[in-house]
Amino acid sequence: MVYDGYGSMAELLVLGMQRAGARVNVVPFDLDVNGVSPEFKDILKHSRPDKSAPTLYFCWPRPDLERFRQSSELFIYTMWESSRLPADWPARLNRMRAVVVPTRFCARVCRDSGVEAPIEVVPLGVDPGIYSYQERPERQ
């Protein structure tokens, strides 16, 4: 769902991984293909998920995270914009092979909240086809 925060970034993550050479099999939690790129639709159409394959769960740790427990390597890419994680998150994140977050702030919040699993910072990008550079006058 490109109108959702995680959904809009998930499309870019899938496209970036596929373009970098990874085999990506998408398992959407909710799906609305209105507004997604033809490239993403093609990846989705050809997806053949394997429950035992390495899995990147791109969301907050929702209850449906448990359905991916069979994965040989379960990673989560998540984020939180406050100083402490919700009380049930650290235990759930500690069961991951690694936690991926977009900022050093998010990594610090995870560590300060009790996450002991490896944490990697991988910044989110933007789609330059949508958000192109705009020349602007200098501000004071």
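The values are calculated or read from the model by the stated rules, or taken from the named source; none is laboratory data. Being a predicted model, the structure only gives us computed values, none of them experimental. Cβ coordinates were reconstructed from backbone atoms using ideal geometry, including for glycine residues, and neighbour counts include every protein chain displayed. Please note that ligands, DNA and RNA were not included when accessible areas were found on the heavy atoms of the full protein model with its side chains. Shrake-Rupley method; radii C 1.70, N 1.55, O 1.52, S 1.80 Å.
Annotation note: of 97, 111, the sole residue that is among the charged types (D, E, K, R), free of Cβ contacts under 8 Å to residues at least 12 places away in the same chain and open to solvent by 60 Å² or more (accessible area, probe 1.4 Å) is 111. Scanning the stretch 119-133 for residues that are open to solvent by 100 Å² or more (accessible area, probe 1.4 Å) and in a strand (DSSP E or B) returns a single hit, 120. Could you check, for the stretch 73-83, whether at least one of its residues is at pLDDT below 95, closer than 19 Å to residue 122 by Cβ, open to solvent by less than 20 Å² (accessible area, probe 1.4 Å) and in contact with a Ser or Thr (Cβ under 8 Å, 6 or more places away or on another chain)? Looking for residues that are at pLDDT below 95, closer than 19 Å to residue 122 by Cβ, open to solvent by less than 20 Å² (accessible area, probe 1.4 Å) and in contact with a Ser or Thr (Cβ under 8 Å, 6 or more places away or on another chain), one finds at least one in the stretch 73-83, hence yes. Does residue 39 fit the bill of being among the acidic types (Asp, Glu), open to solvent by 60 Å² or more (accessible area, probe 1.4 Å) and out of contact with any Pro (no Cβ under 6 Å at 6 or more places or on another chain)? Here the answer is yes, as residue 39 does meet what is asked. Out of everything in the stretch 79-95 that is part of a loop (DSSP other than H, G, I, E, B) and closer than 11 Å to residue 110 by Cβ, what residue ends up being nearest to the chain's Cα centre (by Cα)? My answer is 79. Note on the stretch 96-118: residues that are within 18 Å of the chain's Cα centre (by Cα), more than 21 Å from residue 12 (Cβ to Cβ), of a type outside the set (Lys, Arg) and not in a helix (DSSP H, G or I) total 4. Taking each residue of the stretch 1-19 that is closer than 12 Å to residue 30 by Cα and looking for partners that are part of a helix (DSSP H, G or I) with beta-carbon atoms closer than 8 Å, six or more apart or interchain, yields 1/7; 1/8; 2/8; 2/11. Across the stretch 1-24, the qualifying residues are those that are in a loop (DSSP other than H, G, I, E, B) and among the charged types (D, E, K, R), and the one among them that is farthest from residue 48 (Cα to Cα) is 4. Counting the residues of the stretch 5-23 that are open to solvent by less than 60 Å² (accessible area, probe 1.4 Å) and within 13 Å of the chain's Cα centre (by Cα) gives 12. The requirement of being basic (Lys, Arg), assigned to a loop (DSSP other than H, G, I, E, B) and surrounded by 12 or more Cβ atoms within 10 Å (Cβ to Cβ) is not satisfied by residue 136.
Within the stretch 44-67, can one find any residue that is out of contact with any Leu (no Cβ under 6 Å at 6 or more places or on another chain), farther than 19 Å from residue 6 by Cβ and assigned to a helix (DSSP H, G or I)? Yes; the residues of the stretch 44-67 include at least one that is out of contact with any Leu (no Cβ under 6 Å at 6 or more places or on another chain), farther than 19 Å from residue 6 by Cβ and assigned to a helix (DSSP H, G or I).
Taken over the stretch 69-84, the residue count meeting the criterion of being closer than 26 Å to residue 51 by Cβ, of a type in the set (Gly, Ala, Ser) and out of contact with any strand residue (DSSP E or B) (no Cβ under 8 Å at 6 or more places or on another chain) is 1.
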